[in-house]
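Have a look at the structure below before the remarks.
The values are calculated or read from the model by the stated rules, or taken from the named source; none is laboratory data. Everything numeric in this text was worked out from a predicted model, so none of it was measured. Because the Cβ atoms are built from the backbone with ideal geometry, glycine has one as well, and the counts that use them run over all protein chains shown.
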């Protein structure tokens with residue numbers, strides 16, 4: 001069973017860089033600048049044609065994206081803090097501004113400009129988003145340190161049942 005340790009590795013967006021992307025009206029990426037590709041760990045051609053939510057980190061509350069879509073579909077600019085998932089399962093924080101692009105008065109696409117977030121703000125937003133997910137009864141992040149022997153037993157039992165450790169623990173606790 002593979003363990004992804006990279007999920008705890010943060011990539012910091014440089015202060016002097018802007019991450020820029022455009023999507024169609026369904027959220028499919030149509031443009032990604034080099035900074036976006038570099039920070040997300042993808043090549044630009046891997047991003048084009050993919051839904052922007054491939055970057056959605058499990059720490060992000062669903063309510064944030066619901067508000068984002070409601071705001072931009074109403075023709076307004078949405079801004080806020082977003083924790084994104086990198087291709088390698090690491091993460092990065094951005095301050096995002098998302099708005100519509102209009103041609104001849106008609107909405108044709110969305111653009112997003114994202115920038116660096118100070119460390120103190122990242123910590124504050126992580127706590128806020130943890131609380132929002134908890135209150136909404138969404139997935140709650142849990143990190144636990146187990147004795148190695150106990151972990152080995154869990155891993156072996158999960159393998160025997162062809163389950164992830166998470167699914168195995170769920171089976172043990174809920175059934």
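Tabulated data
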quantity	calculated
One residue from 39, 20 being more than 30 Å from residue 163 (Cα to Cα), assigned to a strand (DSSP E or B), under 17 Å from the mean Cα position of the chain (by Cα) and at pLDDT 95 or above	20
Residue 28 being modelled with pLDDT of 95 or more and in contact with a helix residue (DSSP H, G or I) (Cβ under 8 Å, 6 or more places away or on another chain)	yes
Qualifying helices (runs of 4 or more DSSP H) (wholly inside segment 68-175; at least 2 residues being closer than 30 Å to residue 14 by Cβ, assigned by TED's automatic domain parsing to the domain that holds residue 28 and touching a strand residue (DSSP E or B) at 6+ places or on another chain (Cβ under 9 Å))	119-135
Residue check for residue 30: in contact (Cβ under 8 Å) with a residue 40 or more places away in the chain, surrounded by 13 or more Cβ atoms within 10 Å (Cβ to Cβ) and outside any loop (DSSP other than H, G, I, E, B)	yes
Residue check, residue 49 without any contact (Cβ under 8 Å) to a residue 24 or more places away in the chain and in a loop (DSSP other than H, G, I, E, B)	yes
